[in-house]
1. Residues in the range 379-406 that are over 26 Å from Tyr356 (Cα atoms) and within 27 Å of the chain's Cα centre (by Cα): how many?
2. Filter the range 420-455 down to the residues that are over 21 Å from His510 (Cα atoms), within 16 Å of the ligand (Cβ to nearest atom) and either among the acidic types (Asp, Glu) or over 25 Å from the mean Cα position of the chain (by Cα) (or both) and list them by number.
3. Restricting the range 398-410 to residues that are outside any strand (DSSP E or B) and either in contact with a Leu (Cβ under 9 Å, 6 or more places away or on another chain) or in contact (Cβ under 8 Å) with a residue 60 or more places away in the chain (or both), which is nearest to Ile482 (Cα to Cα)?
4. Against the condition part of a strand (DSSP E or B), without any contact (Cβ under 8 Å) to a residue 40 or more places away in the chain and either surrounded by 20 or more Cβ atoms within 10 Å (Cβ to Cβ) or among the basic types (Lys, Arg) (or both), how does Ile442 come out, does it pass?
5. Suppose we keep only residues that are away from the ligand (no atom under 15 Å from the Cβ), touching a residue at least 40 places away in the same chain (Cβ under 8 Å) and of a type in the set (Gly, Ala, Ser) within the range 300-348. Which one would you say is surrounded by the fewest Cβ atoms within 10 Å (Cβ to Cβ)?
6. Of the residues Gly51, Gly119, Gly133, which is exposed (fewer than 14 other Cβ atoms within 10 Å of the Cβ) and in a loop (DSSP other than H, G, I, E, B)?
7. Consider Phe378 against the criteria (1) within 16 Å of the ligand (Cβ to nearest atom); (2) touching a residue at least 60 places away in the same chain (Cβ under 8 Å); (3) in contact with a Lys or Arg (Cβ under 9 Å, 6 or more places away or on another chain); (4) not in a loop (DSSP other than H, G, I, E, B): it satisfies all of them except one. Which criterion is unmet?
8. Answer with yes or no whether Leu268 is hydrophobic (A, V, I, L, M, F, W, C), assigned to a loop (DSSP other than H, G, I, E, B) and farther than 24 Å from Pro363 by Cα.
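The numbers here are math on the coordinates, done by the rules we state, and not lab data. Being a predicted model, the structure only gives us computed values, none of them experimental. Every residue, glycine as well, gets a Cβ built from its backbone with ideal geometry; the counts of neighbours run over all protein chains shown.
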Amino acid sequence: MGKGIISASLGKLLQAKGYKVTIQKFDPYINIDPGTLNPYEHGECYVTDDGAETDLDLGHYERFLNITTSQDNNITTGRIYNNVITKERKGEYLGKTVQVVPHITDEIKRNIYLLGESGKYDFVITEIGGCVGDIESLPFIEAVRQAKWDLGPHNSLVIHLTLIPYLKAAGELKTKPTQHSVKQLLEAGIQPDILVCRTEKRLPDDIRKKLALFCNVNINSVIEAMDAPTIYDVPMLMRKEKLTERVLSKLKLPAKSEPDLDQWKVFLGKLKNPTDEITVGLVGKYVELPDAYKSIIESFVHAGAENECKVNLDLIHSEEVTDESVEKILGKVDGILIAPGFGERGIEGKILASKYARENKVPFFGICLGMQCAVVEFARNVLKLSDAASTEFNENTPYPVIDLMEEQKTIIDKGGTMRLGAYPCKLAKGSKSAMAYQSNLIEERHRHRYEFNNKYLEEIKKHGMEPVGINPETQLVEIVEIKDHPWFIGTQFHPELKSTVLNPHPLFVHFIKAIIKNKKS
Ligand code: GLN
């Protein structure tokens, strides 16, 4: 439906008016976090600086608002129950029967108020995942009802995002589903203050009037959210519909200044008027579900706009890349990105794609598993260590050039136990990476268990693959580059998690620059 984008757009507009805003997401599933979910289930797992494995909507919040989020910005039913049960075992409810109301709902409310209590924000936008009427959402809806009561009418409001379907055969927009979902909210004791209506056609006045009448909202609180060519148009659409004005007037807050969206508009202008065009092959194994690569795809949008270049992404299934097909598949792309991932499936295709990029001097960007594949390929074909591998896919390889990190060897539990979050990385002077970042010390986010095996460092260096990014505390290799190549960079971290509209990621920006240059020459 787009709750994440609407929340992020509202956040952006409030921020543009001078307010300090954060956004949090409540997910009604029982996993403690999405870290243990297959990307096919839930899309990408987004990682914050503090190492939380979170829902991909947090990526939208960071990209739109140019803020950092944390563990407190994503809460699941699993986390809520886990907290309550832990407290129960400690005896914190001694003598009481622990129940959904009030104990679970209290814990939900505590997590809503927590961000506000930090004193850092004027607004906390809380996005409730799922739909009104879902069994899983009930405790969250009840907590919202109570919170509205606790906070009072001028300190909170409820926005209901709803679909207005268009029936082509009848040529009509239908308000019935909205009437029903609002009725369900009313049964739960919640009167929505504002309706945001997702629609593929403009909402005529009679439809707005009907929605206002049946859903007990003021007509100017019926906000049209038209399908847009890019998600980055949505703040402008919401501005035109005066969503922020409605929010501020209901909360009796001053409108402050005119929203400052100048930089946003510059970005949109560049995005929509490219002067160059390139095609990048994104090689991964979850390509049937592009949400699995959400942050990478968005990073190309930001960095493409920065270069005034349209970036077409060719999503390539790594299992389809074979000795026979590689030329046909990769011969037509201008740059190759090997995506992150886990497990053995599709690995050989990724290794082959790295080889193709290296040998044919196609600009190459390997992220996490993508960097590991580049190292394996280099060891096999340049160092001639046949059967070199990562121990993730071949435990008995004679040449474990990528191996399990030392501290991972004793870990058995799967949830939240990877190397997670932001770590520092020192860049070698004169490297392409240092040039891109314009800095010698950076901090980037990680999510992995395996790493470059430093036993092979000297040998690999001798043959022309340079470890140009090193963790200053642990000496782990975080970036490799091949010198004799137009642009060949592999990063153990995930640069895509820090790209925002206002701060496109330097490695993506320079990857695109290199592709444009390479194509022209
Ligand atoms: N599977 C690899 C590891 O755990 C890479 C992880 C990733 O690409 N995020 O090290």
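1. Going through the range 379-406 one residue at a time, the tally reaches 2.
2. Result: Glu451, Phe452, Asn453, Asn454.
3. So the residue we want is Tyr399.
4. yes
5. Filtering the range 300-348 for residues that are away from the ligand (no atom under 15 Å from the Cβ), touching a residue at least 40 places away in the same chain (Cβ under 8 Å) and of a type in the set (Gly, Ala, Ser), the one surrounded by the fewest Cβ atoms within 10 Å (Cβ to Cβ) comes out as Ala303.
6. Gly119
7. Every listed condition holds for Phe378 apart from (1).
8. So Leu268 fails the test.
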